[in-house]
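The values are calculated or read from the model by the stated rules, or taken from the named source; none is laboratory data. Note that this is a predicted model, so its numbers are computed, not measured. With ideal geometry, Cβ positions are generated from the backbone for all residues, glycine too; neighbour counts draw on all protein chains shown.
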Amino acid sequence: MQRFIPSALVVAMSLGLAACNKQAPQGEHVSINKNPYPSTYQPYESAELLIKNATVLTGTGERLDNADVLILNGKISQVGENLSHASARVIDANGKWVTPGIIDVHSHLGAYPNPSVESHQDGNEMTSPNTAYVWVEHSVWPQDPGFNTARAGGITSLQILPGSANLFGGRGVTLKNVPAHTMQAMKFPDAPYGLKMACGENPKRVYGSRKISPSTRMGNMAGYRSAWAEATEYKRAWEKYDADHQLGLAVDAPERDIKLDTLRGVLDGDIMIHNHCYKAEEMAMMIDLSKEFGYHAGTFHHGIEAYKIADLLADNGSCAALWPDWWGFKMEAYDMVQENIAIVDAVKNSCAIVHSDSDTTIQRLNQEAAKVMYRANENGFDIKEEHAIRWITQNAAKSLGVDDKVGSLETGKQADVVIWNQSPFSVYAKAEQVFIDGAKVYDRSDEKYQAKSDFMLGQQ
Amino acid sequence: MKLFKKTLLAAAVLSSAGAMAKTTAIINADIHTATEQGVLKNYSLLIEDGKIAAISNLKLDADEIIDAQGKIVTPGFIGSMNQLGLVEVGAVASSRDGNEKKGGITFDPSLAFNPKSTLIAYARKGGITRDVIAPSWGESPFVGLSSTVNLSGEFGTSVVDSQNAIIVNLGGTKDGSRAASLAKFIDKLEGQQTKLEKKSDKKDDKAEPSKEEKLLTAALKGEKPIVVRVSRAQDMLELIKVKERFGIDLVLSGAEDALPIKAELAAAKVPVILSAMANLPGSFDSLNASLTTAGELEKAGVQVALTIAGDSSHNVYQLRYDAGNAVAYGMSREGALKAITSNVADIFNIEDAGSIAVGKAADLAIWSADPFEISTTLEKVMINGVAVSTESRHDKLRDRYMAESNMPRAYTK
């Protein structure tokens, strides 16, 4: 800071804080805007609603038979038996089931949209093994017809992640699954950002084939460690700058680096890790890596071998977001067991999640959870619907850092709610009505509430 | 499930040794025949020499009696258009044998079928007893030949019927025009038809026809189906014209955009193999993809078979769930059952399986309840009258990691 501004110097000196740098005046504090693409989401107009006589799975592990859900001002007001309200519209849900809105923690909708033509391949910035500087929200096409089909399957919130080609794939974003024509209008207010990391075969294949690092799993680890070491220095530099500035020193702000901003966000605990990682030994090392550099290892996605280290995951407070039965498409997906999610879930303090990573199965995450529950129950487990629903509601919300807002039907939570024609664990189950913040966003029997993408309009 | 007289193991050993003299009866069953007979409640069936010897509402006697206790018996399900036994791990090139870039019409991947693949025991968990394996791509529109295999996992006898259909890929491509691919397809048929007409004029021509010529001749006589992977409605209409011109036994696969032309498909008697789950506009060829397609085609009178979208080799066990979803969106229960049994058999000329009728192979599945429902347990699977295990490598891994042991997991086997 070379400019001489007398008034600033006088102020600083009068505070007695500039003693060690009398030559230079203090410049304005440089701070980084952490939210430059803010959510513009506004809940749609909601009515006062009283859903009566349903089988309610609360998302907290409870099942209430013949119960009611009262929604006021877009929030869950009450859940219980024989509720009444003077002005609320009553929906008779006798014989139907009610659950929290379904949450998918792993989607590429909008970034790999339909139609999946060349021009739409926006999910993987495959140009460097560390692209922590990209934000997948900048790829999201809100007109992806997949958002609408997912909503018809009861999906009310979802995390869009970049792909897994890179060690650091970039930031993920959590969306409310409302029809909109800007990304910001879907953005889940106050949801923390995620950072996609990837273990194993994908990064080493993509970069190894170009004869650049990483080409091996040890190269992957070296890549993460170098990046975190650099981020640690960056964090230190900014913290020193902030502290010195606070002391009134005339210090220069460190050079801004948007890649390191993201990594530092993780070290600061603002950004949550979402780690594509299949194998037990790799997940165990990723946990040590996080301890080496002082951040939380976050959620492991696709962990085909999570069942081998269920204790370790729970001890570390890591969620595991998994498929019920995908397997065999590559070596690291060879050791699948159909009970993976059930085994992970059975450990105390666990956080098991059913995810889709698919524009198809995201439409039936309820059936995906059902496959796990019933196949596990054939092999010694005794899992009930009220518990299994947590894999696609409360646990998913926890993984995304939004469990204080959604994921369960508790008083004060955002009224993201699905009414099903029957148990959602049936192959014949259909979401009949879907609400987000108390507003109806889908109705199977009313075309008015069936959104259509711009792309599909007028097609024959 | 109560077993009398013989243990399962003994039964399996006897039959695999070829000693098929003994008979088995399944009694007290709800038999879903996948024939015009529909559901036979509280019936029994008799198995002799690996075949269904009798179906009766009387108590049948046999060396071995299986009391189904009112549970549901269906034909074993038949997967199709996948690469079961031709791929172990998708990304491991040396474990993939289903496709050949320059293969062309004569490429027959069934020579590479591995009955010991871990995918086969896994597929049996879904009640799959047979499967039609088919190449999925190649440079030419003619990508090769399909074959029927059974899921017994046995050396030597698993490939039941090789080269049972000609597989062709048409529609939008990255390079060039779809018109060129379609023309190439038509030219082949036309060329062979011309040869055959000339040949019938010259009776002295004794040159042995090539493999390709034999296949095309069989196709032109309507003896060997031609299964065309195609998505767009207009392309399917062009293919109906080809069928009418050459008299081929045309089958459409994929057919995401079939909905707007269901009447034309029905009138032309063209069977359709599709995924019940394909409802997204994956390309400009599939803008009308819908969860209701299977049911709507059925109602229009089209013969429908269901297949799995995506990785259909590793996931073929899910066929019963797909059938359930087809029912949820409008297909009849009976239609959905046929779509994974007798319709597949009919399309690929599998004469000895796909339904429960006297003379058919005893490829059977016994279910605790509705076979399409996720909560339902598969209780028993038989192939050629022999009980086969549904245990796969996946179960071994689960058991290893759930076992109580003070020793490292590697000692739990």
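Just name the residue that is nearest to the chain's Cα centre (by Cα) out of those in region B:319-330 that are within 16 Å of B:Thr74 (Cβ to Cβ) and not aromatic (Phe, Trp, Tyr).
The extreme case among them is B:Leu319.
Would you confirm whether or not region B:216-223 contains a residue that is assigned by TED's automatic domain parsing to the domain that holds B:Ser342, of a type in the set (Asp, Glu) and over 23 Å from the mean Cα position of the chain (by Cα)?
Within region B:216-223 (the criterion being assigned by TED's automatic domain parsing to the domain that holds B:Ser342, of a type in the set (Asp, Glu) and over 23 Å from the mean Cα position of the chain (by Cα)), the answer is no, since none of the residues qualifies.
For the subset of region A:53-67 comprising residues that are touching a residue at least 40 places away in the same chain (Cβ under 8 Å) and surrounded by 18 or more Cβ atoms within 10 Å (Cβ to Cβ), which member is farthest from A:Ile383 (Cα to Cα)? Spell out how you get there, then give the answer.
Step one: of region A:53-67, the residues touching a residue at least 40 places away in the same chain (Cβ under 8 Å) are A:53-63.
Narrowing further to those that are surrounded by 18 or more Cβ atoms within 10 Å (Cβ to Cβ): A:53-59.
Values: A:Asn53: 24, A:Ala54: 21, A:Thr55: 17, A:Val56: 17, A:Leu57: 14, A:Thr58: 16, A:Gly59: 14 Å.
Restricting to residues being touching a residue at least 40 places away in the same chain (Cβ under 8 Å) and surrounded by 18 or more Cβ atoms within 10 Å (Cβ to Cβ), the top hit is A:Asn53.
For region A:322-333: of the residues being buried (at least 23 other Cβ atoms within 10 Å of the Cβ) and aromatic (Phe, Trp, Tyr), which is farthest from B:Ala121 (Cα to Cα)?
It comes out as A:Trp323.
Take region A:426-454 and flag every residue that is more than 14 Å from every other protein chain (Cβ to nearest Cβ), part of a loop (DSSP other than H, G, I, E, B) and either acidic (Asp, Glu) or more than 23 Å from the chain's Cα centre (by Cα) (or both).
A:Asp437, A:Ser445, A:Asp446, A:Ala451
Can you find even one residue in region A:106-121 that is in contact (Cβ under 8 Å) with a residue 12 or more places away in the chain, assigned to a loop (DSSP other than H, G, I, E, B) and surrounded by fewer than 17 Cβ atoms within 10 Å (Cβ to Cβ)?
Checked against the condition, which is being in contact (Cβ under 8 Å) with a residue 12 or more places away in the chain, assigned to a loop (DSSP other than H, G, I, E, B) and surrounded by fewer than 17 Cβ atoms within 10 Å (Cβ to Cβ), region A:106-121 yields no hits at all.
Before we move on, is A:Val354 surrounded by fewer than 22 Cβ atoms within 10 Å (Cβ to Cβ), touching a helix residue (DSSP H, G or I) at 6+ places or on another chain (Cβ under 7 Å) and more than 11 Å from chain B (Cβ to nearest Cβ)?
no
Search region B:345-375 for residues being free of Cβ contacts under 8 Å to residues at least 60 places away in the same chain and closer than 19 Å to B:Ser332 by Cβ, and hand back the single one that is surrounded by the fewest Cβ atoms within 10 Å (Cβ to Cβ).
Checked region B:345-375; the qualifying residue surrounded by the fewest Cβ atoms within 10 Å (Cβ to Cβ) is B:Glu373.
State the number of residues belonging to region B:135-169 that are touching a helix residue (DSSP H, G or I) at 6+ places or on another chain (Cβ under 8 Å) and in a loop (DSSP other than H, G, I, E, B).
Total satisfying the criteria: 6.
Based on this model, can you work out whether A:Gln159 counts as in contact (Cβ under 8 Å) with a residue 24 or more places away in the chain and in a loop (DSSP other than H, G, I, E, B)?
No; evaluated as a whole, the condition is false for this residue.
Which residue pairs have Cβ atoms closer than 7 Å, lie 6 or more positions apart in sequence or on different chains, and pair a first residue in region B:54-74 that is loosely packed, with under 15 Cβ neighbours inside 10 Å with a second residue that is acidic (Asp, Glu)?
Partner pairs satisfying both residue conditions: B:Gly70/B:Asp30.
Residue under question is A:Ser399, and the condition is that it be at negative phi and part of a loop (DSSP other than H, G, I, E, B); does it hold?
no
Can we say A:Ile287 is within 24 Å of the chain's Cα centre (by Cα), under 25 Å from A:Val136 (Cα atoms) and of a type in the set (A, V, I, L, M)?
Working: within 24 Å of the chain's Cα centre (by Cα): yes; under 25 Å from A:Val136 (Cα atoms): yes; of a type in the set (A, V, I, L, M): yes.
So A:Ile287 passes the test.
Pick from A:Thr127, A:Thr174, A:Thr182: which is part of a loop (DSSP other than H, G, I, E, B), of a type in the set (Val, Ile, Thr) and under 30 Å from A:Tyr224 (Cβ atoms)?
A:Thr127
Can you tell me which residues in region B:298-313 are facing chain A (nearest Cβ under 8 Å) and more than 14 Å from the chain's Cα centre (by Cα)?
B:Gly310, B:Asp311
From the list A:Val337, A:Val347, which residue is without any contact (Cβ under 8 Å) to a residue 60 or more places away in the chain, at negative phi, surrounded by fewer than 23 Cβ atoms within 10 Å (Cβ to Cβ) and among the hydrophobic types (A, V, I, L, M, F, W, C)?
A:Val347
Kindly check whether there is at least one residue in region A:362-383 that is within 8 Å of chain B (Cβ to nearest Cβ), under 30 Å from B:Ser94 (Cα atoms) and either in contact with a Gly (Cβ under 8 Å, 6 or more places away or on another chain) or free of Cβ contacts under 8 Å to residues at least 24 places away in the same chain (or both).
no
So in region B:376-405, with the set limited to residues that are among the small types (Gly, Ala, Ser) and surrounded by fewer than 18 Cβ atoms within 10 Å (Cβ to Cβ), which one is farthest from B:Ile52 (Cα to Cα)?
Step by step, filter region B:376-405, then rank; the result is B:Ser405.
Hey, can you tell me all the residues within region B:376-413 that are at the interface with chain A (Cβ under 10 Å from one of its Cβ atoms) and in a loop (DSSP other than H, G, I, E, B)?
B:Thr376, B:Thr377, B:Ser392
Out of A:Val347, A:Val337, I need the residue that is away from chain B (no Cβ under 11 Å), more than 17 Å from A:Glu282 (Cβ to Cβ) and either over 21 Å from the mean Cα position of the chain (by Cα) or assigned to a helix (DSSP H, G or I) (or both). Which one?
Values: A:Val337 fails: away from chain B (no Cβ under 11 Å).
Only one candidate passes the filter, namely A:Val347.
Pick from region A:295-311 the residues that are outside any loop (DSSP other than H, G, I, E, B) and aromatic (Phe, Trp, Tyr): which of them is farthest from A:Ile392 (Cα to Cα)?
Among residues in region A:295-311 that are outside any loop (DSSP other than H, G, I, E, B) and aromatic (Phe, Trp, Tyr), the one farthest from A:Ile392 (Cα to Cα) is A:Tyr307.
For region B:327-345, indicate whether the set of residues that are within 17 Å of B:Ala123 (Cβ to Cβ), in contact with a helix residue (DSSP H, G or I) (Cβ under 7 Å, 6 or more places away or on another chain) and within 14 Å of another protein chain (Cβ to nearest Cβ) is non-empty.
Yes.
Considering only region B:187-208, I want to know if a residue exists there that is assigned by TED's automatic domain parsing to the domain that holds B:Ile248, out of contact with any helix residue (DSSP H, G or I) (no Cβ under 8 Å at 6 or more places or on another chain) and closer than 22 Å to B:Ala134 by Cβ.
Within region B:187-208 (the criterion being assigned by TED's automatic domain parsing to the domain that holds B:Ile248, out of contact with any helix residue (DSSP H, G or I) (no Cβ under 8 Å at 6 or more places or on another chain) and closer than 22 Å to B:Ala134 by Cβ), the answer is no, since none of the residues qualifies.
Among (1) closer than 20 Å to B:Gly90 by Cβ; (2) surrounded by fewer than 22 Cβ atoms within 10 Å (Cβ to Cβ); (3) within 9 Å of chain A (Cβ to nearest Cβ), which single condition is B:Asn288 missing?
Tallying (1) closer than 20 Å to B:Gly90 by Cβ; (2) surrounded by fewer than 22 Cβ atoms within 10 Å (Cβ to Cβ); (3) within 9 Å of chain A (Cβ to nearest Cβ), B:Asn288 fails exactly one: (1).
Does any residue of region A:273-285 turn out to be of a type outside the set (A, V, I, L, M, F, W, C), part of a helix (DSSP H, G or I) and modelled with pLDDT of 95 or more?
Yes, some residue in region A:273-285 is of a type outside the set (A, V, I, L, M, F, W, C), part of a helix (DSSP H, G or I) and modelled with pLDDT of 95 or more.
Return yes or no: is A:Ala310 farther than 23 Å from A:Thr232 by Cα and within 11 Å of another protein chain (Cβ to nearest Cβ)?
Against the criterion (farther than 23 Å from A:Thr232 by Cα and within 11 Å of another protein chain (Cβ to nearest Cβ)), A:Ala310 qualifies.
Going by the conditions given, is B:Ser283 in a loop (DSSP other than H, G, I, E, B) and in contact with a Pro (Cβ under 6 Å, 6 or more places away or on another chain)?
Answer is yes for this residue.
Which residues, taken from region A:312-321, are in contact with a Ser or Thr (Cβ under 9 Å, 6 or more places away or on another chain) and either assigned to a helix (DSSP H, G or I) or buried (at least 24 other Cβ atoms within 10 Å of the Cβ) (or both)?
A:Leu312, A:Leu313, A:Ala314, A:Ser318, A:Cys319, A:Ala320, A:Ala321
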